[in-house]
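Asks: Pasting in a structure now, in structure tokens, and then I'll have a few things to ask.
The values are calculated or read from the model by the stated rules, or taken from the named source; none is laboratory data. Quantities reported herein were computed from a predicted structural model and do not represent experimental measurements. Cβ atoms come from the backbone with ideal geometry, glycine included; neighbour counts cover every protein chain shown. Surface areas here come from the heavy atoms of the whole protein model, side chains and all, with no ligands, DNA or RNA. Shrake-Rupley method; radii C 1.70, N 1.55, O 1.52, S 1.80 Å.
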Amino acid sequence: MNDSIEVLIMTASINPGKTRDVAIKDPQERLFEYIASLVAWLELTKIKKIVFCENTNCQYDFSRIIEFASNQGKTLEVLIFSGNAKAQKYGKGYGEGEIIKYALRHSKYLSNTTNFYKITGRLFVKNFDEIQSYHQHFANVFQYPAFSPEHDPFIGMSPKKSETLVEQFRHIFRFLYVFLGRGKGRGPHDYTKHVVTSFYKSNVNFYRKNLIDSYKRVDEEKSYIIEHVFYEDILYKDFNLFLKPLTIIGRSGSTGGIYIEGENYPEEIEKLAMTFLL
């Protein structure tokens, strides 16, 4: 298997409106972060095909960056539609599910045999080429704690001894944000039983069979998020866990905080991204 038959799907929602639990709401700020991420994926990785799918009917002209991708020997397909209304009612995970379904239905590059990496569009995986190389023989790969109930449900939630103090503080902050900010007591769903959905790898056929309509159960007002439904729907299915830790660049849409302290786009990437907004 090589990267010519693997596709990157980038999900985007440039104008989230009143979507709940979104810390970064300004459309121009979000647009810049999407463009910076796009430029990084095009410039800094070997992935050949990218499908960028946006669900707020964005009016930005992507033609220059599509041409830029072509000059890099890569293919950038941009899909734009209006599909954020229910996300404003049920939460951003609902909208993300609609985005991926739309991409699978309308992209030229996503057939049943295709394996794809999904990334939340404002994020970049700095060590993606290494990740792709390590997992080239696996079709479906997710991040912990996608474990069966027999395992300790708190695996992946408590800080690891090897983490720095900053990493441990950030880990604990995210934990408290979920339990206190979203209100664990408002719903019957245990956040510790979840699968990370910001970045994963899936075969199109596997996704269509197991996850294509999972998002329809999302209701963030009841503390039932996309990470819960993915956990429930891939348990005991044919998937693997990532063999290498991810180095993620970007800011969390929920908290506005950066993913990894000290990790950011190179200055030349941000400068290049800014040229596409002038």
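Asks: Collect the residues in the range 202-226 that are buried (at least 22 other Cβ atoms within 10 Å of the Cβ), touching a strand residue (DSSP E or B) at 6+ places or on another chain (Cβ under 8 Å) and not in a helix (DSSP H, G or I), keeping them in residue-number order.
Replies: Passing the criteria: 202, 211, 218.
Asks: Within the range 237-254, can you find the residues that are buried (at least 18 other Cβ atoms within 10 Å of the Cβ) and assigned to a loop (DSSP other than H, G, I, E, B)?
Replies: Answer for the range 237-254, where residues must be buried (at least 18 other Cβ atoms within 10 Å of the Cβ) and assigned to a loop (DSSP other than H, G, I, E, B): 239, 242, 246, 250, 252, 253, 254.
Asks: Would you pick out the residues in the range 50-66 that are among the charged types (D, E, K, R) and within 18 Å of residue 109 (Cα to Cα)?
Replies: Hit for the range 50-66 is 54, nothing else.
Asks: Here's a follow-up. Going through 44, 8 one at a time, which residue ends up being surrounded by fewer than 21 Cβ atoms within 10 Å (Cβ to Cβ) and touching a strand residue (DSSP E or B) at 6+ places or on another chain (Cβ under 9 Å)?
Replies: Criteria check complete, one pass: 44.
Asks: How many of the residues in the range 59-71 are closer than 25 Å to residue 84 by Cα, open to solvent by 20 Å² or more (accessible area, probe 1.4 Å) and either in contact with a strand residue (DSSP E or B) (Cβ under 8 Å, 6 or more places away or on another chain) or without any contact (Cβ under 8 Å) to a residue 40 or more places away in the chain (or both)?
Replies: The total comes to 4.
Asks: Now for a different question. Within the range 233-261, restricting attention to residues that are hydroxyl-bearing (Ser, Thr, Tyr) and over 20 Å from residue 135 (Cα atoms), which residue is modelled with the lowest pLDDT?
Replies: 254
Asks: Let me ask something else about it. Return yes or no: is residue 29 closer than 27 Å to residue 227 by Cβ, surrounded by fewer than 23 Cβ atoms within 10 Å (Cβ to Cβ) and free of Cβ contacts under 8 Å to residues at least 40 places away in the same chain?
Replies: Against the criterion (closer than 27 Å to residue 227 by Cβ, surrounded by fewer than 23 Cβ atoms within 10 Å (Cβ to Cβ) and free of Cβ contacts under 8 Å to residues at least 40 places away in the same chain), residue 29 qualifies.
Asks: Here is a follow-up. Can residue 276 be described as more than 22 Å from residue 83 (Cβ to Cβ), crowded, with 17+ Cβ neighbours inside 10 Å and out of contact with any helix residue (DSSP H, G or I) (no Cβ under 7 Å at 6 or more places or on another chain)?
Replies: no
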